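**Student:** I have a structure I would like to understand better, so I am pasting it below and will then ask my questions one at a time.
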Amino acid sequence: MKKIIAILLLLASIFALASCNKDKEYPPVESTEEEARTVMTLSIDGKTYDVRYELYRAFFLTYKAEVDGGDESVWTGQKKDEYVAKIDELILERVAEIYAAFAICERIGFDLYSDDVEDKIKENIRISVEGGSYGSAVIEGFESYDDYLASLKAINLNYSVQTLLFRYAIAVDAIDTYYIGTASSDDVDINLTVGKIEYTKEDVKEFYDSDECVRVLRASFQKKISYTPLEKAENLKAALESAAQSKDTLEEMEAAVVTAIMGNGLYSNAAEIRDGYVIGRYNLERSYYGEMTDAAFALNMGEVSAPIEVVTDVEDSYYVLYRSYKSDEHFEENYDSIRYVYLMNYVGEISHGVAEELKSSVTYTDYLKGIDHSGIGM
């Protein structure tokens, strides 16, 4: 869930023009009457969340090409209701993800509308417009606030949705801090704090050994490196299958697959190629990695997946997975990273449960039912 904030901040580096308005205020931009219309409501814990058209529009335009395959006539054709139902399912998934974080913040007593949160949002906007540092990222900024607002429009956002997504990112950080503390996958932070999740090493081992956790080897490449990325991905799948089938034991099969991955020039993460990648059912963000998670759990031991396309704000890649074995030795050698998967999976399962409850409560308004989807645009 944390990746959404990067969409907004990375705009500054993509469309950078430079600026130095360090003390300038950036006033809120009011939504239009249409943008502010409620299109659906979600309810949980006695609280109702109104979802506005501007957020629906942002996700509709994001998923539109994926659903219609580039044929915009489907939104006015005889089967338009089928296409609307399909994209509404995708939109509801994302919307529920956002408001699940809001609902969990209510449960843990974190005020998403406090002065501190409002100050953080203002600072995120300032950095996005002016440039500066955000964590390890260096943002170059824009020539003017108007240029920044125009760049938001270019990715189907307005000021209000931008603010909502910043608030969502803050909510996710607050939830992780509450439940997990500052634990990370390598646990090198000397100022480590512990969250509300109580666990032992035995708990982590039980998770690791269970059907709720799988270990895979991942081969991946950015699509932009090939003129025929799907063909390259299919060839990669064939190479991994050939390597695995050439050996008899699981240990020999894994070694052969590792060699095949490296032999295809995929050296992006040598440690992961060596140690494999542990996945829980809920630790990865489904909006981006749902297909990867489902594929990993569907594989039999020693089996290779079909190519999986993963598109986020920072990558557009193909992945091919090989289902590998788990062992006591692997667990001991990779305990810190496995523990982090356990913790993230714990929080992910909570978020998933809340999101599912929100989805089951959804009510669509007459306004949304009457929208001409062929006319949705910025």
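**Student:** Conditions: (1) in contact (Cβ under 8 Å) with a residue 60 or more places away in the chain; (2) surrounded by fewer than 17 Cβ atoms within 10 Å (Cβ to Cβ); (3) not in a helix (DSSP H, G or I). D248 meets all but one. Number of the miss?
**Tutor:** With respect to (1) in contact (Cβ under 8 Å) with a residue 60 or more places away in the chain; (2) surrounded by fewer than 17 Cβ atoms within 10 Å (Cβ to Cβ); (3) not in a helix (DSSP H, G or I), D248 is out only on (1).
**Student:** When D176 is evaluated against the numbered criteria (1) assigned to a helix (DSSP H, G or I); (2) under 23 Å from I279 (Cβ atoms); (3) at pLDDT 95 or above, which criterion, by number, is the only one it fails?
**Tutor:** (3)
**Student:** Among the residues of the range 182-224 satisfying the criterion of being surrounded by fewer than 16 Cβ atoms within 10 Å (Cβ to Cβ) and assigned to a helix (DSSP H, G or I), which is modelled with the lowest pLDDT?
**Tutor:** Only one residue fits best here, namely K224.
**Student:** Something else about it: Would you check if there is a residue in the range 111-124 being farther than 17 Å from L164 by Cα, at pLDDT 95 or above and touching an Asp or Glu at 6+ places or on another chain (Cβ under 9 Å)? Please lay out each step first, then the result.
**Tutor:** If we filter the range 111-124 for residues that are farther than 17 Å from L164 by Cα, which is where we start, we get none.
No, the range 111-124 has no match at all.
**Student:** Let me ask something else about it. Going by the structure shown, is S374 in contact with a Lys or Arg (Cβ under 9 Å, 6 or more places away or on another chain) and touching a residue at least 60 places away in the same chain (Cβ under 8 Å)?
**Tutor:** yes
**Student:** Does V304 meet the test of being within 29 Å of G46 (Cα to Cα) and at pLDDT 95 or above?
**Tutor:** In short, no.
**Student:** Please tell me if A85 is part of a helix (DSSP H, G or I), buried (at least 18 other Cβ atoms within 10 Å of the Cβ) and modelled with pLDDT of 95 or more. Walk me through how you get there before you give the answer.
**Tutor:** Working: part of a helix (DSSP H, G or I): yes; buried (at least 18 other Cβ atoms within 10 Å of the Cβ): no; modelled with pLDDT of 95 or more: yes.
Spelling it out, it is not the case that A85 is part of a helix (DSSP H, G or I), buried (at least 18 other Cβ atoms within 10 Å of the Cβ) and modelled with pLDDT of 95 or more.
**Student:** Let me ask another. In the list V310, V314, V362, which residue meets the criterion of being modelled with pLDDT of 95 or more, within 30 Å of L61 (Cβ to Cβ), out of contact with any Gly (no Cβ under 9 Å at 6 or more places or on another chain) and not small (G, A, S)?
**Tutor:** Within the list V310, V314, V362, the selection yields V362.
**Student:** Within the range 213-224, is there a residue that is β-branched (V, I, T) and without any contact (Cβ under 8 Å) to a residue 24 or more places away in the chain?
**Tutor:** No, the range 213-224 contains no residue that is β-branched (V, I, T) and without any contact (Cβ under 8 Å) to a residue 24 or more places away in the chain.
**Student:** Quick one: which helices (runs of 4 or more DSSP H) sit completely within the range 313-378 and have at least 3 residues that are more than 28 Å from Y53 (Cβ to Cβ)? Walk me through how you get there before you give the answer.
**Tutor:** On the way: elements: 328-333, 335-360, 366-369.
The helices (runs of 4 or more DSSP H) meeting that bar are 328-333, 335-360.
**Student:** Which count do you get for residues in the range 123-153 that are touching a residue at least 24 places away in the same chain (Cβ under 8 Å) and either in contact with a strand residue (DSSP E or B) (Cβ under 6 Å, 6 or more places away or on another chain) or more than 21 Å from A36 (Cβ to Cβ) (or both)?
**Tutor:** 20
**Student:** Further question on the same structure: Quick check on the range 96-116. Is at least one of its residues under 30 Å from N345 (Cα atoms), open to solvent by less than 60 Å² (accessible area, probe 1.4 Å) and assigned to a loop (DSSP other than H, G, I, E, B)?
**Tutor:** yes
**Student:** Follow-up. Please list, ordered by first then second residue, the pairs with beta carbon atoms under 8 Å, 6 or more apart or interchain, first in the range 78-95 and without any contact (Cβ under 8 Å) to a residue 60 or more places away in the chain, second part of a helix (DSSP H, G or I) and open to solvent by 60 Å² or more (accessible area, probe 1.4 Å).
**Tutor:** That search, which allows pairs on different chains as well, returns L90/E66.
**Student:** Go through (1) open to solvent by 20 Å² or more (accessible area, probe 1.4 Å); (2) more than 23 Å from the chain's Cα centre (by Cα); (3) over 30 Å from I376 (Cβ atoms) one by one and return the number of the condition A150 breaks.
**Tutor:** Against the list (1) open to solvent by 20 Å² or more (accessible area, probe 1.4 Å); (2) more than 23 Å from the chain's Cα centre (by Cα); (3) over 30 Å from I376 (Cβ atoms), A150 comes up short only on (3).
**Student:** Here is a further query. With (1) closer than 17 Å to V161 by Cβ; (2) modelled with pLDDT of 95 or more; (3) in a helix (DSSP H, G or I) as the list, and A36 as the residue in question, which single condition is left unmet?
**Tutor:** Failed condition: (3).
**Student:** Quick check: anything in the range 52-68 under 23 Å from A103 (Cβ atoms) and outside any helix (DSSP H, G or I)?
**Tutor:** Within the range 52-68 (the criterion being under 23 Å from A103 (Cβ atoms) and outside any helix (DSSP H, G or I)), the answer is yes, since at least one residue qualifies.
**Student:** Also, quick follow-up: From I273, I279, grab the single residue that is of a type in the set (A, V, I, L, M, F, W, C), open to solvent by less than 40 Å² (accessible area, probe 1.4 Å) and modelled with pLDDT under 95.
**Tutor:** Details: I279 fails: modelled with pLDDT under 95.
None of the others qualify; the one that does is I273.
**Student:** Going through the range 254-270 one residue at a time, which ones are open to solvent by less than 30 Å² (accessible area, probe 1.4 Å) and without any contact (Cβ under 8 Å) to a residue 60 or more places away in the chain?
**Tutor:** Taking the range 254-270 as the starting set, the residues that turn out to be open to solvent by less than 30 Å² (accessible area, probe 1.4 Å) are 254, 256-258, 260-261, 266.
A256, V258, A260, I261, L266, listed by residue number.
**Student:** Here's a follow-up. Filter the range 203-233 down to the residues that are closer than 23 Å to I279 by Cα and out of contact with any strand residue (DSSP E or B) (no Cβ under 7 Å at 6 or more places or on another chain) and list them by number.
**Tutor:** Passing the criteria: D203, V204, K205, E206, Y208, D209, S210, D211.
The values are calculated or read from the model by the stated rules, or taken from the named source; none is laboratory data. Just so you know, these numbers come straight off a predicted model, no measurement behind them. No Cβ is skipped: glycine too gets one built from the backbone with ideal geometry, and neighbour counts run over all protein chains shown. Remember, those area values only see protein heavy atoms, side chains included, never the ligands or the DNA or RNA. Shrake-Rupley method; radii C 1.70, N 1.55, O 1.52, S 1.80 Å.
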